[in-house]
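The next block holds one structure in the form of structure tokens; read it before the comments.
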Amino acid sequence: MRLISTKVLQTDMVIGRTIWNEAGRPLLQKGVKVTEQIIQRLQDLSVQYVYIDDSISTDIEIKEVMPRAVRQHAVDRIVSSFNELKKLKGKDITYCLDQQSKHFVAIIDDLLDNITSNHEILTVLSDAFLYDDYIYQHSLQVAIYSIAIAKEMHYNAVEIRQIGIGAILHDVGKMMIPQEILKKPGRLTNEEYEIMKLHTKYGFDVLRNLHTISLLSAHCAFQHHERLDGSGYPRGLLDFEIHPYAKIIAVADVFDAVTSNRVYRKKMLPSDGMEIIKEGSGTLYDEKVVNALKRCVSYYPNGTVLLLSDGRRGIVCKQNKENAERPWVRIFEENGELLKATYEIFLADEMNISVEKVEVEYLT
């Protein structure tokens, strides 16, 4: 299967991967032929990319680290819990979270089990699962990335659980932020932004009073917007003042934010999102955390068409666990001509060749 932008999706192309909604229902089934109505529907849903099956991507598959059933169970629990919290205030929120904490711990244990038992690197597939409310998807994705990073950094199981709980609840304070600010499609005013920043304190105040969740997890909510150079919020902490857990969630939070659709911005490709993170390495984000993210998340998901520096075009067919920037590529075009017989190269063995461009709008 091949990743393609919906901008260039054409009728009679064949959908290569099912798209699911947050209720676990298929919105678009694998194997369906594309029609004008499908293209319009995808555009209405702001779906930017889909996978198609075609001749150059035969036998290329996506191996999911997180099975759909595990993801669906986690989303159901997050949706249920967060919707319940929206109805409550003050001590009622704390009591409700205390009662539900065992469910969040179970989610984190499931995620950790799957990440530990699966040696594949993570692939960003946010368009494969559509959610009505961004916060549900974001909470889950940040937890997945945070757990993968922590595992890569050799934290033990107890520490990873604390990090995972902090990650899945890092934005719980947004339950106290007015919806008109949370879902505003345009730029926030200075006053609105100051209100938005309060979600870190609100989240900390709720989580620190829980009997069933570590205070370290609460600090993840408090500090995930702090930056090494002191430019973050709410307290402008410097590198040594920020808890290591929060440094992990900060990177996971930003990476997911830029690679997901938001009401005010279209998502970036994983490779572009990774460049954003790398640019802030050592100044905004902890370098060790950034390097761990680079090792556990794919730059170029399988099925991505790449234009190489020598003019050849290929499609990513296999990931490189040692260096995600240098995957296996199936070459299908040379000198502007489609090849009758494709062949594979390993970019890790071809260091004189670089990736010029990711071509999600490529048409054969």
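The values are calculated or read from the model by the stated rules, or taken from the named source; none is laboratory data. What you see is a predicted model; the values in this text were computed from it and never measured. Because the Cβ atoms are built from the backbone with ideal geometry, glycine has one as well, and the counts that use them run over all protein chains shown. Surface accessibility is based on the protein's heavy atoms, side chains included, excluding ligands, DNA and RNA. Shrake-Rupley method; radii C 1.70, N 1.55, O 1.52, S 1.80 Å.
In the set (1) within 19 Å of ARG77 (Cα to Cα); (2) open to solvent by 10 Å² or more (accessible area, probe 1.4 Å); (3) among the polar types (S, T, N, Q), ASN156 fails one condition alone, (1). Do we find that LEU9 is in contact with a helix residue (DSSP H, G or I) (Cβ under 6 Å, 6 or more places away or on another chain) and crowded, with 16+ Cβ neighbours inside 10 Å in this structure? Here the answer is yes, as LEU9 does meet what is asked.
Summed over the range 49-92, residues that are open to solvent by 70 Å² or more (accessible area, probe 1.4 Å), more than 30 Å from GLN179 (Cβ to Cβ) and not in a loop (DSSP other than H, G, I, E, B) total 2. If you check GLY16, GLY31, GLY24 for being over 19 Å from the mean Cα position of the chain (by Cα) and surrounded by fewer than 16 Cβ atoms within 10 Å (Cβ to Cβ), only one passes: GLY31.
Whenever a residue of the range 212-226 is of a type in the set (D, E, K, R), its partners that are assigned to a helix (DSSP H, G or I) and surrounded by 20 or more Cβ atoms within 10 Å (Cβ to Cβ), lying with C-beta atoms within less than 9 angstrom and at least six residues away or across chains, give the pairs GLU226/THR200; GLU226/ALA246; GLU226/LYS247; GLU226/ALA250.
Is it the case that the range 319-326 has a residue that's within 28 Å of ASN291 (Cα to Cα), outside any loop (DSSP other than H, G, I, E, B) and open to solvent by 20 Å² or more (accessible area, probe 1.4 Å)? Checked against the condition, which is being within 28 Å of ASN291 (Cα to Cα), outside any loop (DSSP other than H, G, I, E, B) and open to solvent by 20 Å² or more (accessible area, probe 1.4 Å), the range 319-326 yields no hits at all. Of all residues in the range 185-210, those that are touching a residue at least 24 places away in the same chain (Cβ under 8 Å) and closer than 16 Å to SER101 by Cα have Cβ atoms under 6 Å from Cβ atoms of residues that are open to solvent by less than 80 Å² (accessible area, probe 1.4 Å) and small (Gly, Ala, Ser), 6 or more apart or on another chain, in GLY203/GLY173; GLY203/ALA221; PHE204/ALA218; PHE204/ALA221; LEU207/ALA218; LEU207/ALA221. Filtering the range 1-26 to residues that are touching a Lys or Arg at 6+ places or on another chain (Cβ under 8 Å) and among the hydrophobic types (A, V, I, L, M, F, W, C) leaves MET1, MET13, VAL14, ILE15, TRP20. For the range 30-44, the count of residues that are within 19 Å of GLU64 (Cβ to Cβ), without any contact (Cβ under 8 Å) to a residue 60 or more places away in the chain and assigned to a loop (DSSP other than H, G, I, E, B) is nonzero.
Residues in the range 193-251 that are among the small types (Gly, Ala, Ser) and modelled with pLDDT under 95 were compared, and the one that is surrounded by the fewest Cβ atoms within 10 Å (Cβ to Cβ) is SER214. Only one of the numbered conditions (1) under 29 Å from MET153 (Cβ atoms); (2) open to solvent by less than 40 Å² (accessible area, probe 1.4 Å); (3) under 24 Å from the mean Cα position of the chain (by Cα) is not met by ALA348, and that is (3).
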